[in-house]
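Visitor: Supplied in structure tokens, the structure appears directly below.
The values are calculated or read from the model by the stated rules, or taken from the named source; none is laboratory data. Here the structure is a predicted model, which is why all the values come from computation and not from measurement. Counting neighbours? That spans all protein chains shown, and the Cβs are built from the backbone with ideal geometry, glycine included. Just so you know, the surface numbers come from the protein's heavy atoms only, side chains and all, with ligands and any DNA or RNA stripped out. Shrake-Rupley method; radii C 1.70, N 1.55, O 1.52, S 1.80 Å.
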Amino acid sequence: MAQTSLTAQYATIADVAAELGEDITEDSARGRQIQRWLDKAERKIRTRIGELDAWAEADAEYKATVNDVEVSAVERKARNPDGMRSMMTQIDDGNFQQTVDASRSTGEIVILDDEWSALLKSASTTAFSVIAQAEPDAFPLPSYPYGY
């Protein structure tokens, strides 16, 4: 059953602040922004995974994975909120160019494919799997002299 609260349940502003290496308080403008992004990340996850609360309640490791995914998604957004892909600074005769990874340059809250893989649980471990059959017992062939 889904939580009725619209506030993120699995990650906090403090988690994101630790990831960013910043001091962010909940009542600051940055704290409110981070909370909004956390809420958005969790809503994206809940849209795709209806059993989120049940799975997290039953498995502490899964709950930690949800926290990690939410924090990572918000951390990517916090480091590049405008979604800049490339930046060049020119000073006198020299210049400095920096390119940002595509996963960090969307300007949106994005859950990456490998993060979805970690969040989505398979209903059956053998569905659509190939199960190798045991090889039959091998028996030695008779040995014949060379040229026989």
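Visitor: Residues that are within 25 Å of SER117 (Cα to Cα), without any contact (Cβ under 8 Å) to a residue 60 or more places away in the chain and either among the charged types (D, E, K, R) or open to solvent by less than 20 Å² (accessible area, probe 1.4 Å) (or both): does region 2-9 have at least one? Working first, answer last.
Guide: Step one: list which residues in region 2-9 are within 25 Å of SER117 (Cα to Cα), which gives 2-3, 6-9.
Then keep just the ones that are without any contact (Cβ under 8 Å) to a residue 60 or more places away in the chain; that gives 2-3, 6-7, 9.
Remaining after also requiring either among the charged types (D, E, K, R) or open to solvent by less than 20 Å² (accessible area, probe 1.4 Å) (or both): none.
The answer is no, given that none of the residues of region 2-9 is within 25 Å of SER117 (Cα to Cα), without any contact (Cβ under 8 Å) to a residue 60 or more places away in the chain and either among the charged types (D, E, K, R) or open to solvent by less than 20 Å² (accessible area, probe 1.4 Å) (or both).
Visitor: Is region 28-44 home to any residue that is free of Cβ contacts under 8 Å to residues at least 60 places away in the same chain, touching a Phe, Trp or Tyr at 6+ places or on another chain (Cβ under 8 Å) and under 16 Å from LYS77 (Cα atoms)?
Guide: yes
Visitor: Among the candidates LYS63, LYS40, LYS121, which residue alone is out of contact with any Lys or Arg (no Cβ under 6 Å at 6 or more places or on another chain) and modelled with pLDDT under 90?
Guide: Numbers: LYS63 fails: modelled with pLDDT under 90; LYS40 fails: modelled with pLDDT under 90.
From the options LYS63, LYS40, LYS121, the qualifying one is LYS121.
Visitor: Restricting attention to region 38-63, which residues are more than 20 Å from ASP113 (Cβ to Cβ) and in a helix (DSSP H, G or I)?
Guide: If the condition is that a residue be more than 20 Å from ASP113 (Cβ to Cβ) and in a helix (DSSP H, G or I), then LEU38, ASP39, ASP53, ALA54, ALA56, GLU57, ALA58, ALA60, GLU61, LYS63 are the ones that fit.
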